[in-house]
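Undergrad: Mind having a look at this structure? Questions to follow.
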Amino acid sequence: MSAGPVVLLVEDEPEMRRFIRASLQASGYRLVEASTAHEGIALASSHNPELVLLDLGLPDGDGIDVTVKLREGSKVPIIVLSARGREEDKVRALDAGADDYLTKPFGVNELLARMRVALRHAKPASVEPRLTLGDGLELDLEKRVVTRGGAEVHLTPIEYRLLAYLAQNAGKVLTHRQILSEVWGPGSAHQTHYVRVHLAELRKKVEVDPSRPKLIVTEPGVGYRLRDG
C-alpha cells in the first residue's frame, strides 16, 4: 500500500478521473474521489486530504463555491483543473482561495510538478531567514536586505515588500488583487497599475535580463509567480 500524500480529486468526468487516478497512483499518491460538489466537501471533512484537485464545472454546483467552503476551515492546497481558460475564471478561482490553476488539457508532468510545489509550501515550517531566489540573488528577511554575489541590491520599501511577498509564496500564482491587498493594503484592490509599474522597476534590479524575466514570471491577465527553484 502506498504511504504517499492523500489527494482529494473532485471531478465529474469519468475519463478525466481515470487519467488522473492512473497518473497519481503510479507516483505514489493516495487518491480519494468525488464526482459532485456536495460529495467533495463531505470527503474533504472526513478524509483530511493533503491536497485537493478541483474541477469548476460540477453537476450540483460551481467549484468556486467549493473553494470558498473549503477555505472556511482549512488551508489545504487547492489546485483547480478546468476547461475554463478565461482570465476572469482564473482570477475568480485564485481570489476565492485556490493555490493554482491548470487549464485542460494538461500534461501529467506539469500536474505532478504543480502538486509538488503546492505540497512543499503547505508544510508547516518556520520561515527561513535567508531565501535563495536564483541567479545569485538572496533575500534576508531579518535584515530586510537583498544581495547578489554579496553586493546589496538597493530596493525601495515597496519593491522590497513586493519581492518578499512573492518569495514567501514562491511557485504560487498570486493575483493582482492578492498582491495589492498584501503590499499596498485592502483599499488598493482595483489599482492594478501599481503592480505593473513597480514590478517593472523591480525586475530591472533583480532580473539578469529584465526584458526576458526568468525569476518573476507573468501569468497573463491573472498576476505573477516567482519561480520556485
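The values are calculated or read from the model by the stated rules, or taken from the named source; none is laboratory data. Quick caveat, the model's predicted, so the values are computed rather than measured. Virtual Cβ from ideal backbone geometry, glycine too; neighbours counted across all protein chains shown.
Undergrad: On the given criteria, is LEU24 farther than 21 Å from SER181 by Cβ and either in a strand (DSSP E or B) or in the same structural domain as THR175 (by TED's automatic domain parsing) (or both)?
TA: Taking the combined requirement at face value, the residue does not satisfy it.
Undergrad: Take segment 27-60 and flag every residue that is in a helix (DSSP H, G or I) and under 21 Å from the mean Cα position of the chain (by Cα). Walk me through it before giving the result.
TA: As a first pass, look at segment 27-60 and keep what is in a helix (DSSP H, G or I): 37-47.
GLY40, ILE41, ALA44 - these are the residues of segment 27-60 that are in a helix (DSSP H, G or I) and under 21 Å from the mean Cα position of the chain (by Cα).
Undergrad: Turning to a different aspect of this structure: What residue, of ASP65, ASP60, is in contact with a Ser or Thr (Cβ under 6 Å, 6 or more places away or on another chain) and either assigned by TED's automatic domain parsing to the domain that holds ARG116 or buried (at least 17 other Cβ atoms within 10 Å of the Cβ) (or both)?
TA: Going through ASP65, ASP60 in turn, just one is in contact with a Ser or Thr (Cβ under 6 Å, 6 or more places away or on another chain) and either assigned by TED's automatic domain parsing to the domain that holds ARG116 or buried (at least 17 other Cβ atoms within 10 Å of the Cβ) (or both): ASP60.
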